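These notes concern the structure reproduced below.
The values are calculated or read from the model by the stated rules, or taken from the named source; none is laboratory data. Here the structure is a predicted model, which is why all the values come from computation and not from measurement. Please note: Cβ atoms are built from the backbone with ideal geometry, for glycine as well, and neighbour counts cover all protein chains shown. In case anyone asks, the SASA skips ligands and DNA or RNA and just uses the protein heavy atoms, side chains included. Shrake-Rupley method; radii C 1.70, N 1.55, O 1.52, S 1.80 Å.
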Amino acid sequence: MRQSESFIPTLKELGADAIIPSHRLMLRAGLVRQVASGIFSFLPLGYKVLKVIMDILRREIDAIGGQEFFLPALNPIEIWQQTGRVEAMGDVMFHIKNREGLVLAPTHEEIITYHARQHLKSYRDLPQIWYQIQTKFRNEPRPKSGVLRGRQFFMKDAYSMDATWEGLDVSYQKHYEAYKKIFDSCNLKFFIVGASSGAMGGRQSQEFMIESDAGEDNCVICYACGYAANLEVASSNAHPSGRESTNLPIEEFPTPDARTIDDLIEKYNLLEERLAKSVVYIIDSQPVLIMMRGNDELNESKLQGVFGTGNFRPALPEELLVSSGANAGSIGPVGLKTKMKVIADNRLKDANGLVSGANRDGFHNKNIDFSRDCTIDGYYDLRTVCEGESCSNCGAPIRIVKAIELGHIFKLGTKYSEALGATFLDAHGNENPLIMGSYGIGVERIMAAFIEQHHDEKGIIWKKPLLPFHVHLLGINVPKFDDVTKACVDAYSELKKQGFDVLYDDRNENPGVKFNDADLIGIPVQVIIGRKNLDAGNIEIKIRETGERKVIQKSDLTDEIRKFYID
RNA sequence: CGGGAUAUAGCUCAGUUUGGUAGAGCACCUGCUUUGGGAGCAGGGGGUCGUAGGUUCAAAUCCUGCUAUCCCGACCA
């Protein structure tokens, strides 16, 4: 492609609106343009790379037996009502205004299950893996970070239908392996985390993440052993408080000016590890007292896991007073005004010598022994892990990083097949709901994530196979000098003949413009042909990633390029 | 939905405090020069100052409503 005839609108400067590197570079290199908040046009160069990503997705999902569909973005709302997701999605789903009963699909579980119901009637029809690479529409409350969170975006979405739970495990594992190949193919440094199954139900869920400050998820990572988990489910080797040798009788003492854990530590010279913080939640309409150590933070995802419900909230101040007899800051497990369930974090298991509220405003108890003085209905991992704690796997200090979610794989189970009546007959003639899995990847996110990981101050650094062209041929002072122009045209056609995709900068621009644009666009190899070297029969090759320059003989060009791409 | 900010030429922005002829750089067009890291000179085209109202002899500028966009938070299958 001749650059003089191409639409590659690079930008020298950019406003302050775009913050993160991938967003800025995608705009500056002429890959995308924003049309409205969260809505982007892909320009030819950007779309070219996007198609490469889609090809990789197709290749790997086809390889595990996936069959590609093209599904409608316009969906009848009835089918969404049957699964209860019109309410569940709420404002996230776009509703068509001038045609009753149509919505824009934010995802495609419903439509896939609809077709499965039509035709998958026997265990002999299973398993199936169906997928699509299509636009999804979501009315995000706050689109951000360029294409990372948009209102319209491409998703590779795959669904598996199995006759048995063991079959689902197999389908799930196939996707797990395929996803690793996909992200490896894209040269992404990624990690996989166990994720909360959340409100979707289902048995297992894993997320494919890349570390990035632009990310919206927090993940625990151990660089020593590779342990990684979403903060929602992560654990660590935080030391339990344990038992002290002296076990004095419980004793109330006045603490009129202490309402927080830090107050107690500072004003009463107490150790954090001997402090038991009380948190009251209303879970399924019942108050529950939750004991956490010191300043440990309660992890609501873990709480949801323990109680198997998302129907909970912190208690209101008046509810605290009614159930415990005291206000926040003076609540504890001993002497509660009303009987309520009491659970505690594992870190406080069977501990003694503890200080906690006395359920009388302005008083605390000391020398509390959890196994002597109160009934703990259960010990669970309830705390949010902190930076620097030791890894539960290898003991090295863990880090907490922000991460971008590129993909998730999910064992859906029978939620959708039951709701929509997608059943099959098993070998015994019994009717069963299809057992489903759902596997998504954000296509634009792969591109943005790649750029986040592969750029420098000058621009993008593409790497095979994610690249818009193999070679950027820079004609220095063309079309002015006929011999330089001829050498460029010769190199251009020779490289094309060898099967390389070449962007030939034949524009009548200053050399500086061409060099800077080339570094910005980031094609891996630049071939620079100019007066300086051509008089000696030489041309120059520059490797974008390393900046390495090599002056070679003109006749060696295709060999050098081939070597670069084969190595 | 809460908090903050912004809206002026294709792009990046000044001008708004203190009301009085619409500005710069880049980009674009013409000509000449230049040519290995975002060139120089000369000439030229281009704006209903987000939008609707109000105040005023006069509004980009002051006042009110609305809209859009960005950032932080909430939310996020």
From the cross-link list A:K180/A:K349; A:K411/A:K458; A:K136/A:K180; A:K97/A:K411, which pairs have alpha carbons spaced over 32 Å apart? A:K180/A:K349; A:K411/A:K458; A:K97/A:K411
With a point put 7 Å past each Cα toward its Cβ, work out how far A:T546 is from A:K480 in nm, to one decimal. 3.3
What is the percent carbon and sulfur in the accessible area of the range A:251-380, measuring with a 1.4 Å probe over the protein chains and ignoring ligands? 48
On the accessible surface of the range A:471-566, probed at 1.4 Å with all protein chains in place, carbon and sulfur together account for a percent value of 48
Per-residue accessible area, 1.4 Å probe, largest first, puts A:R544, A:R117, A:R313 in the order A:R313, A:R117, A:R544
Less than 15 Å Cβ to Cβ from A:P249, Lys/Arg counted +1 and Asp/Glu -1: what total charge do the surrounding residues give? -3
Work through the residues other than A:F208 whose Cβ is under 9 Å from its Cβ and net out their charges, Lys, Arg +1 and Asp, Glu -1. -1
Relative contact order %, chain A, counting alpha carbon pairs below 8 Å whose residues are six or more apart: 17
With a 1.4 Å probe and every protein chain kept in, tell me what percent of the accessible surface of the range A:128-195 is carbon plus sulfur. 48
Among A:I331, A:S4, A:N367, which residue has its Cα furthest toward the positive end of the charge dipole of chain A, with +1 on Lys/Arg Cβ and -1 on Asp/Glu Cβ? A:S4
For A:K411, A:K402, A:K366, give me the order by solvent-accessible area with a 1.4 Å probe, most accessible first, ignoring ligands, DNA and RNA. A:K402, A:K366, A:K411
Take the Cβ-Cβ distance between A:Y176 and A:Y47 as r, set R0 to 30 Å, and report the resulting FRET efficiency rounded to the nearest 0.05. 0.55
Give a residue-ordered list of calculated ³J(HN,Hα) values for the range A:157-167 (Karplus: 6.51 cos²θ - 1.76 cosθ + 1.60, θ = phi - 60°; whole Hz; x for Gly, Pro). 10, 10, 9, 10, 10, 10, 8, 9, 5, 5, x
Sequence gap at least 6, Cα distance under 8 Å: using those rules, report the relative contact order of the range A:471-566 to the nearest whole percent. 29
Can you tell me, using C-alpha contacts under 8 Å and at least 6 residues apart, the relative contact order of the range A:243-382 as a whole percent? 31
Sorted by chain and then number, the residues having a modelled amide H within less than 5 Å of the amide H of A:F94, at least 5 places away or on another chain, are A:L104, A:N139
At q = 0.06, 0.08 Å⁻¹, base-10 log of I(q)/I(0) for chain A (Debye sum, equal scatterers on each alpha carbon): -0.45, -0.73
Pairwise centroid distance, computed over Cα atoms, of the range A:166-236 with the range A:331-405, Å: 28
Charge sum, other residues only, whose C-beta stays under 15 Å from A:R313's C-beta, Lys/Arg counted +1 and Asp/Glu -1: -4
Given the DSSP H assignment, sum -39500 (n - 2.57) over each helix run of at least 4 residues in chain A and divide by its residue total; what's the result at 222 nm in deg cm²/dmol, nearest 500? -8000 deg cm²/dmol
Please go through the range A:503-567 and write out the GluC sites (Glu not before Pro) that DSSP classes as loop and that have at most 12 other C-beta atoms within 10 Å. A:E548
Probe of 1.4 angstrom, ligands and nucleic acids ignored: what's the accessible area per residue over chain A, in square angstrom? 45
If one puts a single equal scatterer on every Cα of the range A:251-380 and applies the Debye formula without solvent, what log₁₀ I(q)/I(0) results at q = 0.10, 0.13, 0.19 Å⁻¹? -0.27, -0.47, -1.04
For chain A, cysteines whose Cβ has no other cysteine Cβ within reach (under 4.7 Å): A:C186, A:C219, A:C374, A:C386, A:C488
Whole-Hz ³J(HN,Hα) from phi, Karplus 6.51 cos²θ - 1.76 cosθ + 1.60, for the range A:253-263, glycine and proline x: 9, x, 9, x, 10, 10, 10, 10, 4, 5, 4
With each label point set 7 Å from Cα along the Cα-Cβ vector, what nm distance links A:K563 and A:F70? 4.5
